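What follows is a single structure, written as structure tokens, with notes after it.
The values are calculated or read from the model by the stated rules, or taken from the named source; none is laboratory data. Note that the structure is a prediction, hence the values are computed from the model and not measured. Every residue, glycine as well, gets a Cβ built from its backbone with ideal geometry; the counts of neighbours run over all protein chains shown.
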Amino acid sequence: MIKIRINQDVKDAVDEHWKWIKRRFYIDVDYSSLNGSQKRAWTCAHKKLNKLYSLLGFMSLPSKDRENALHDLICVPPQDLKAFRDDGRFTQLVKKETAAYKAYQNWKRRKKRRVGGGKVPKCHQKEYDAEKDRNSVVSILGYEDLYEGDVDWDAYKLCDKIGLLVCPYCNRQYIYTIFDKNGCGEVRPQLDHFYVKSKYPYLSCSFYNLIPSCPVCNLGKNDESDETIYPYESEFGRNAVFRLDPVDLQNLRNGKIDLKKSYFVSIEFEYSDSEKLNKKLNVYPNLDIPDFENQVRNSDRIFHLTDLYNKHQIEIKELMSRQIKYAGACLGNFSSFIYGKKYNELSPTEQADLKQYVLGLPVLFRNEEYPLRKLKEDLVDQFENG
């Protein structure tokens, strides 16, 4: 719902992530310069690396090109992530929910209840081998090892480097990363695979496929494969907004607020005339309006956004109460008290900041840095302009 800005810290994090992959597989390490135990580790790592290359379809490439192909997979930029998801080289690794696969899963469940298990029937061998390959790719790439990491890189350092303060999916919860006095991670966001690793194992360690998020969103999404808003590329922005019921809005504008009543919000779509004509978003011209609306609806359903936001009645009522009591005629009094001059003497920036102060909204921070900022700004916009 809230876009993750790709600043220099994020770019540096991508570099550190690739260096971690290189250390795992001893890439660019001179074998002859190692001692005995290091040579054994190098040999073991390269066996795993060659198996990974084979599973990914890279073995036919020259040696250096294999490394470049792995780098491209791990560091694939956001705009190319979907293309890598659909890359034909990895078709054999994609989990397909076919009738044969479902029958194989049923056989696995029955097998667990039997003593001794038994061999895989020939009718399930293909699905068994495909699942084994998917699990091998995830294991070799080392997603689980990212939780342990090494001295220089792990999931805590990854989240800390990206620097998100609020969950990008829901914009409701803080997602701080905390280290102890020795620099060991203690608290961090969960990492959501935007394209789920069970279906797309080759993207399990791709940097831009790992989205720091709150537990509610990550667990709520689980292995859901329908596409939601991808926070490295887009956000709800001004096209998908939270709105109050028109009757409730009119009552609030008339100064009538009922603290015992629940004020429910919903998501509505708003477009400029040019967007309606072109069927594309001005801010994201590569995103068609039907695709955008589908992603928003999926985000709303998967992350339970509307349902959760409607639980925030205290915040909604407090905001509307401030809007009614203070954001009108009282602005002149606040202007004299805070700035020492009349409201109409303030610059447009000062007027906007004063209104933020009065409404209890932060002035110096962006949407992604403050919980519920998106909801509150949408409701204020509706109250004043809607």
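So which of TYR284, TYR339 is of a type in the set (Phe, Trp, Tyr) and either on the phi > 0 side of the Ramachandran plot or touching an Asp or Glu at 6+ places or on another chain (Cβ under 7 Å) (or both)?
Working: TYR284 fails: either on the phi > 0 side of the Ramachandran plot or touching an Asp or Glu at 6+ places or on another chain (Cβ under 7 Å) (or both).
Selected residue: TYR339, the only one of TYR284, TYR339 that is of a type in the set (Phe, Trp, Tyr) and either on the phi > 0 side of the Ramachandran plot or touching an Asp or Glu at 6+ places or on another chain (Cβ under 7 Å) (or both).
Each row is one residue, and each column tells you yes or no for (1) in a helix (DSSP H, G or I); (2) under 22 Å from LEU379 (Cα atoms); (3) touching a Phe, Trp or Tyr at 6+ places or on another chain (Cβ under 6 Å).
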| site | (1), (2), (3) |
| --- | --- |
| ASP307 | yes, yes, no |
| LYS311 | no, yes, no |
| GLU315 | yes, yes, no |
| SER321 | yes, yes, no |
| PHE337 | yes, no, no |
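How many residues does region 2-33 contain that are at positive phi and either among the aliphatic types (A, V, I, L, M) or surrounded by 12 or more Cβ atoms within 10 Å (Cβ to Cβ) (or both)?
Initial filter on region 2-33 (at positive phi): 26, 28.
Of the ones still in play, those that are also either among the aliphatic types (A, V, I, L, M) or surrounded by 12 or more Cβ atoms within 10 Å (Cβ to Cβ) (or both) are 26.
Selection size over region 2-33: 1.
Among the numbered criteria (1) among the hydroxyl-bearing types (Ser, Thr, Tyr); (2) closer than 22 Å to GLU293 by Cβ; (3) in contact with a Leu (Cβ under 8 Å, 6 or more places away or on another chain), which single criterion is violated by SER204?
Only one criterion in (1) among the hydroxyl-bearing types (Ser, Thr, Tyr); (2) closer than 22 Å to GLU293 by Cβ; (3) in contact with a Leu (Cβ under 8 Å, 6 or more places away or on another chain) is unmet by SER204, namely (2).
Checking GLU186 against (1) crowded, with 23+ Cβ neighbours inside 10 Å; (2) part of a strand (DSSP E or B), only one condition comes out false. Which one?
All conditions are met except number (1).
Output the residue which, of all residues in region 304-332 that are among the basic types (Lys, Arg) and surrounded by fewer than 15 Cβ atoms within 10 Å (Cβ to Cβ), is nearest to ALA352 (Cα to Cα). Steps first, answer last, please.
Filtering region 304-332 down to residues among the basic types (Lys, Arg) leaves 311, 317, 322, 325.
This time we only want the ones that are surrounded by fewer than 15 Cβ atoms within 10 Å (Cβ to Cβ), so: 311, 325.
Working: LYS311: 28, LYS325: 17 Å.
Ranking the candidates gives LYS325 first.
Which one of these does GLU97 not meet: (1) surrounded by fewer than 15 Cβ atoms within 10 Å (Cβ to Cβ); (2) under 26 Å from ARG23 (Cα atoms); (3) charged (D, E, K, R)?
(2)
Examine region 287-303 for a residue that is surrounded by fewer than 16 Cβ atoms within 10 Å (Cβ to Cβ), out of contact with any Cys (no Cβ under 6 Å at 6 or more places or on another chain) and over 26 Å from GLY220 (Cα atoms), and state whether such a residue exists.
yes
Regarding LEU191, is this residue outside the structural domain of ARG301 (by TED's automatic domain parsing), surrounded by 15 or more Cβ atoms within 10 Å (Cβ to Cβ) and in a strand (DSSP E or B)?
Numbers: outside the structural domain of ARG301 (by TED's automatic domain parsing): yes; surrounded by 15 or more Cβ atoms within 10 Å (Cβ to Cβ): yes; in a strand (DSSP E or B): yes.
Criteria met by LEU191.
Inside region 205-291, counting only helices (runs of 4 or more DSSP H) that do not spill past its ends, which hold 2 or more residues that are in contact (Cβ under 8 Å) with a residue 40 or more places away in the chain and either closer than 24 Å to GLU369 by Cα or not assigned by TED's automatic domain parsing to the domain that holds LYS157 (or both)? Step through it out loud before you land on a result.
On the way: elements: 215-221, 246-253, 273-278.
Output list reads 215-221, 246-253.
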